[in-house]
Structures are given as structure tokens and as C-alpha cells.
Amino acid sequence: MNQAEGQDRSVAGESGFTLIELMISLALFALISLAGVRMVESIAGISERTAGRADRLGELQRALFLITADLEQAQAVPRREGMRTILMRASAAGPQPVAYSLRNNTLFRAAGGNDQAIVGDVAAARWRFLTKDGWVDQLSDAEDAQRPRAVEIILELAARPNRRSGTIRRVIELPGE
């Protein structure tokens, strides 16, 4: 073999990639792509959970705002009838009864003949009243004459996918007479 042939072979051998180099580069590209897909899936899952929690928080805030508004405008002492909490809310047409009840893990508000679901996935709802003697679950007939100072609502939230369970407690101070 002469010197010219040796130079031609070395130049030809260095001008491209070998099959092994191509296989290794394709394997690395596949691993990097797989990691990228997993990262995008993870971010999409986090975004979905965050959106679900934000929706839940908005639902709870709307419900508590509505309950607070009803209690602050109550003209009579809230009372319990079975599983319902009833109060008389001021309206343009005069006093209007408003009732809250828990049915099928949903808190409902009944006012003016309309029954409206205000928050779902509620395992339990409790109302307590702050009287001059302290917190009570039920107002007695003697206490009915005196308006409570505050009302506490406790909502036990049921666990669902993308929703945590827990307890929401809101104390609403009632305006003085």
C-alpha cells in the first residue's frame, strides 16, 4: 500500500459518523425527549390540580359571602327547624325567609321560593350562636327574644379527587339592634 492510499482512507474514515455514533446520539435524543414529555405532563397535572383548587376556593368564598350577607341583614333571630337554619332577611318587598339546609352533601339556600345549591361536597354543616352566656348549638325560647351577638358556621368538606377535605369555620358578628 502506498502513502497516497493511506491518506485517502484516513480522510474517508473521518468524514462521517459511524453507525454506533448515530445509535448513541439517537438514544440520547430519545431520553431527552422522554424527559421533556414527562415534564410537560407533570406541569399539566399541576395546572389541573391548581385550577380545581382555585374553583373550589371561589365556590366556598361565594357561599360564605352569601351566608354573611344574609346574616348581616337578618331582621329576626336565626332559628333551627330540624336540619334547616332559618332567618328573616330584609328585602325591598319586606322581610323574606331564608333557609339553609344540607342535602346529599350539598348546602342549599332557599329564598323566595327558589332552592339554590350554593356549595357542594360538604359532609356536614353546623351552626352555633354566641349569646350572653357563650356559644350554643340551639337557641332556647328564652334566648329567642334576644338576638345573638354572632353566628358561627362550620362546614366539614368531603374529600374528592383534586379537592382536599377539611373544615371551614366562619364567625359572623351580627350588627347590634
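Bear in mind these aren't lab numbers, they're just calculated from the coordinates by the rules spelled out. Quantities reported herein were computed from a predicted structural model and do not represent experimental measurements. So basically every Cβ, Gly included, is an ideal-geometry build from the backbone, and we count neighbours across all protein chains shown.
Here are a few things to note about the model shown:
- Theoretical gain in end-to-end length, residue 68 to residue 159 [0.36 nm per residue, Cα-Cα removed]: 30.3 nm
- The modelled label-to-label distance for the pair residue 40/residue 126, using points 7 Å beyond Cα in the direction of Cβ, is 4.9 nm.
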